[in-house]
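Below is one structure, written out as structure tokens; the observations come after it.
FYI, it's all coordinate maths here, none of it is from the lab. None of these values were measured; they are calculated from a predicted model. Backbone-built Cβ (ideal geometry, glycine too); neighbour counts: all protein chains shown.
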Amino acid sequence: MTTPLSPSVQKVQDALKAIGFPNEALELQSTTRTSAEAAQAVGCRVEQIAKSIVFQGRQTHKPILVIASGPNRVNEKRIEQFISEPLGKADADYVRKHTGFVIGGVPPVAHIEKLEVFIDEDLLQYKEIWAAAGSPNAVFKLTPSDLIKMTGGRVISIK
């Protein structure tokens, strides 16, 4: 007998299925809030963690999702070149309002509204990667190709 998924993780699982992906969201006993915790929990390298970082355009207040390889820092100036406006930080309330998820659990799909998505080119070198699945203790395995297809994200150098 399997334990039912929590509502936010079930939302991600349902979204994956609805867009044609068989990936399975896993809720774990351990936290996956940080890239290092997620990598340890699933037994992969930190570089294989696709972490979701939400920013906002300072002028338009439009949400921007950057999906970065675990250890990589986002060069905000690089993202600003693509969105043609200064990039601002997004606090926890902003992230929840625009994605429907808490920081540390933001998945690449199933957001409240459509986000502009940028994908770290460093993720493309791995056969499999892991992304958050709706809560700070849930993840799902996917391929870089899956990530591009499911998000419609633009692959760029984020560093």
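The shape of the range 1-83 comes out oblate: with a ≥ b ≥ c from the C-alpha gyration tensor, a/c is at least 1.5 while a/b does not beat b/c. Summarising the amide proton neighbourhood of residue 57: residues at separation of 5 or more, or on other chains, whose placed amide H is nearer than 5 Å comprise 62, 64, 88.
The residue 93 and residue 36 beta-carbon pair, evaluated with R₀ = 30 Å, returns a calculated FRET efficiency of approximately 0.70.
Out of the trypsin sites (Lys or Arg not before Pro) in the range 87-139, which ones are loop residues according to DSSP with at most 14 other C-beta atoms within 10 Å?
Details: sites: 89, 96, 97, 114, 127; in loops: 114, 127.
Those that pass, being in a loop and sparsely packed, are 114, 127.
Partners of residue 11 within straight-line reach, counting lysines whose Cα lies under 28 Å from its Cα and excluding those fewer than 8 residues away in the same chain: 51, 62, 89, 97, 114, 127, 141, 149.
Beyond 22 Å, the tail of the calculated P(r) for the chain holds 35 percent of the Cα pairs. Could you tell me the distance between the Cα centroids of the range 107-159 and the range 37-71, to the nearest Å? Spelled out, the Cα-based centre of one part sits 8 Å from the other. Note: relative contact order over the range 7-156, using C-alpha pairs below 8 Å and six or more positions apart, is 28 percent. Stretching the chain fully between residue 73 and residue 61 yields a gain of 2.2 nm (0.36 nm per residue, less the alpha carbon separation).
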